[in-house]
Amino acid sequence: MSSELRFCDRCMVKTQHEMIEDPETIYTYKRRRLYRCKECGHKSYRRGLRPSAESVY
């Protein structure tokens, strides 16, 4: 499982999220993926981050 720094709707801050992967789905960055917040456990569908552009914000 991979982990990304994402904004959580419940915590209202950027926290580590783990991506819950579906093995038979081919992911592109625009496809919605299921993420789970490691702090509160909230699950949400979010678009993938662009490879390099959003990591510098």
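Panel values: segment 1-45, Kirkwood radius from alpha carbon pairs, Stokes-Einstein at 4 °C and 1.567 mPa s, translational diffusion coefficient 119 µm²/s.
Annotation for Ser2 and Lys43: the two label points, set 7 Å from Cα along the Cα-Cβ direction, are 2.0 nm apart.
Extension gain, Arg50-Leu34: 0.36 nm per intervening residue step, less the Cα-Cα distance, totals 4.1 nm.
Length available on full extension from Glu24 to Cys11: 0.36 nm per residue minus the Cα-Cα distance, which gives 1.6 nm. Add +1 for every Lys or Arg and -1 for every Asp or Glu among the other residues with Cβ under 14 Å from the Cβ of Cys40, and state the total. That sum, taken over residues with Cβ under 14 Å, equals +3.
Computed from the coordinates by the stated procedures, all read-outs in this text should not be read as laboratory data. What you see is a predicted model; the values in this text were computed from it and never measured. Here Cβ is always computed from backbone atoms with ideal geometry, including for glycine, and neighbour counts include all displayed protein chains.
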